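Reviewing the structure listed below.
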Amino acid sequence: MSTRRRTWWLALALMVAVVAAGLAAQGARAGAAGARGVKLITAADMKAPMRFLGAREFRGRPAPSVELDIASRYIALEAERIGLKPLMPNGSFFQDLPVEVTTMSSARSHLRVSGPGGELRLSFPQAFTTSIRTGGEWTALGGLVFAGSALNGAELKWDDAIDLRGRWVVLLEYAPPPGTTAPSAGTTPAASTAAARTRLLREKGAIGTITVISREREENLAKQGLTFDVGERLRWLDVDTVNPAPPPAPRPAGSPAQAPSAPAGPFYAVEVRHDAAAAILGVTADQVRGYFAAVAANQPVAARAMADRSLDVAVMFERTRRTTPNVVAYLPGSDPVLKDEYLVIGSHHDHLNAREGRILPGADDNASGSVAMLTLAKAMMVERPKRSVIFVWHTAEERGLVGAYYFVQHCPVPVEKITANLNLDMITRNDPNGIYLIGSNKISSELDKSFKDVNAASVKLTLDYKYEDPGEPNRFFFRSDHYPYMRYGIPGVWIFCGTTPDYHTERDVEERVDYAKMEKVTRLTYLVAMDVGNRPALLPLDLHPEIKTRGPQNMKVVWQRPATAR
Ligand SMILES: [Zn+2]
């Protein structure tokens, strides 16, 4: 070994000693609880699982999906390897949520064009699609009108020389011309143009719209060899996620009752690929391309009635029963009495469906919280808190916090024995030295005090309460898995880094994760968990006048701040 190398090793050893001493001091300041384990929580340890769970191959980990099932299996295997125990009655790490999934039937749905050349049947999801988010099955038969560029301008007008009654209106999807402003505030020009157009077409008696998708979407689908997405509607079984309605705002004296709105008959919106559009309009694919080239150059495309053609659309459904799992793991407490009380540390491991081939990896949201929990559990294996800790990776957070609601409503332990819920959801972005806390000072003063004390003695992040109020415009208070716990009267907190322009996009990738921040936030959560887990008593319920005991009776509490308050 050369002298130079030896010097280098000496320097490295010295550095390690300094860092270790710093960590020890940090731990000592935090008190005995957590001092040993906290050192095991390192950025380096979180990288590999982040790269795995945040990978595009999981196709966004939507609930329910095979990809989320695989992610769940991985988390359960890791939990088992770390030494956590299963908690579900059947000795499993999985709490399966039943769900009824409705999708459009490709066998029984169709779009049939009748014209001089005969009849042509087009299929879903290859040639056409429609949203099934709301409403039931339907069929509709009508004539055809091609709107050309007539209904895309800033001013919506329709020349009544072409009768729309009982007809489908074929539209081209393209961005409104530059400089077009949204007719109504708080919406995009495209969205508000579409809403205004639907109103106009309903008034004129049209059946619905057949939108020829934009050139960009068509090229994207063609290039990737994709069909339209198979949309789905989910009905969760055996779970109550309903929020109680806030009391109605009193109407000022003398104000008129609401004006009756126009009768709302059915109005359908169908989208078609370019080949299908050519068949519907009785033109060539080149002519369809020509229409888009014209509107892109700001040239008009003439509207026309197509008296010799008609369109018959059928949208039929298929229903299947599926399940999607909460992953539930358990660390028995070290105290013979307090082990029958629990702290729940939670995150969600689901994210969102791909859209026309665009995958949303959900690295920060929320591979980050899911991985932090694994690292945190490892640390707890060297110094178990007195209370038992339940780790829950919730499914279907993105579908309305369903996994967390299901967990509290089908809880494997008595909910009255859960001292608190710490919810890690998005912890790696924005201010490297700050973190938002939401909910910590709403049910128990001691939960928030624990954060403040532990933080001051350890990682010294800026604790930011900007989003804590239920009346805050982003309504974050209601938007993650701490909320169902709080609705059960369990003190809860969302530990949250805030959103970025990458939120719910293809850019929420592992490469953008701030691991130094992730380490600090995980350490803080760990130390708070140790503190709360070792206290002589459950956290007191001393802040909310209506919440005196933990349990489902608190579901009726209205968390929305009245608009008149403060
Ligand atoms: Zn999330």
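Side notes on the structure shown:
- Within region 326-341, the residues that satisfy the criterion of being in contact with a Pro (Cβ under 9 Å, 6 or more places away or on another chain) and either polar (S, T, N, Q) or in a strand (DSSP E or B) (or both) are Val328, Ala329, Tyr330, Leu331, Ser334.
- If the condition is being farther than 19 Å from Lys449 by Cβ, among the hydroxyl-bearing types (Ser, Thr, Tyr) and surrounded by fewer than 22 Cβ atoms within 10 Å (Cβ to Cβ), then region 461-502 contributes Tyr467, Thr499, Thr500.
- The set of residues from region 113-139 being over 16 Å from Arg273 (Cβ atoms) and of a type in the set (Lys, Arg) comprises just one member, Arg133.
- Among the residues of region 342-385, those that are assigned to a loop (DSSP other than H, G, I, E, B) and under 22 Å from Lys39 (Cα atoms) comprise Met381, Val382, Glu383, Arg384, Pro385.
- Of all residues in region 298-326, those that are farther than 20 Å from Leu151 by Cβ have Cβ atoms under 7 Å from Cβ atoms of residues that are at pLDDT below 95 and loosely packed, with under 12 Cβ neighbours inside 10 Å, 6 or more apart or on another chain, in Asp308/Pro116.
- Selection within region 507-516 - within 16 Å of the ligand (Cβ to nearest atom), among the charged types (D, E, K, R) and part of a loop (DSSP other than H, G, I, E, B): Arg507, Asp508
- Lone unmet requirement of (1) touching a strand residue (DSSP E or B) at 6+ places or on another chain (Cβ under 9 Å); (2) on the phi > 0 side of the Ramachandran plot; (3) not aliphatic (A, V, I, L, M) for Asp312: (2)
- Of all residues making up region 375-409, the number that are within 13 Å of the ligand (Cβ to nearest atom), buried (at least 23 other Cβ atoms within 10 Å of the Cβ) and small (Gly, Ala, Ser): 3
- The set of residues in region 344-374 that are β-branched (Val, Ile, Thr), surrounded by 24 or more Cβ atoms within 10 Å (Cβ to Cβ) and more than 16 Å from the ligand (Cβ to nearest atom) contains only Val344.
- Every residue from region 292-317 that is among the acidic types (Asp, Glu) and surrounded by 14 or more Cβ atoms within 10 Å (Cβ to Cβ): Asp312
- Taking region 319-343 as the range and being away from the ligand (no atom under 16 Å from the Cβ) and surrounded by 18 or more Cβ atoms within 10 Å (Cβ to Cβ) as the test, the residues that pass are Pro325, Val328, Ala329, Tyr330, Leu331, Gly333, Leu338, Glu341, Tyr342, Leu343.
- When the criteria are applied in full, Glu546 meets the requirement of being out of contact with any strand residue (DSSP E or B) (no Cβ under 9 Å at 6 or more places or on another chain), without any contact (Cβ under 8 Å) to a residue 60 or more places away in the chain and assigned by TED's automatic domain parsing to the domain that holds Asp448.
- Only listed residue being closer than 26 Å to Ala44 by Cα and out of contact with any helix residue (DSSP H, G or I) (no Cβ under 7 Å at 6 or more places or on another chain), chosen from Asp514, Asp531, Asp453: Asp514
- Taking region 76-120 as the range and being surrounded by 14 or more Cβ atoms within 10 Å (Cβ to Cβ) and over 30 Å from the mean Cα position of the chain (by Cα) as the test, the residues that pass are His110, Leu111, Arg112, Val113, Ser114, Gly115, Leu120.
- Candidate set: region 52-75, residues that are part of a loop (DSSP other than H, G, I, E, B) and charged (D, E, K, R); chosen: the one surrounded by the fewest Cβ atoms within 10 Å (Cβ to Cβ): Arg59
- Filter result (farther than 25 Å from Val415 by Cα and touching a Phe, Trp or Tyr at 6+ places or on another chain (Cβ under 9 Å)) within region 372-396: Thr375, Ala379
- Checked against the criteria, Val454 does not count as among the β-branched types (Val, Ile, Thr) and within 26 Å of the chain's Cα centre (by Cα).
- Qualifying position, being on the phi < 0 side of the Ramachandran plot, away from the ligand (no atom under 16 Å from the Cβ) and free of Cβ contacts under 8 Å to residues at least 12 places away in the same chain, among Lys442, Lys452, Lys466: Lys452
- Flag for Arg429 being of a type in the set (D, E, K, R), in contact with a strand residue (DSSP E or B) (Cβ under 7 Å, 6 or more places away or on another chain) and either buried (at least 23 other Cβ atoms within 10 Å of the Cβ) or at pLDDT 95 or above (or both): no
The values are calculated or read from the model by the stated rules, or taken from the named source; none is laboratory data. These numbers come from a predicted model, not from an experiment. A quick note on method: Cβ atoms are made from the backbone with ideal geometry, for glycine too, and the neighbour counts reach across all protein chains shown.
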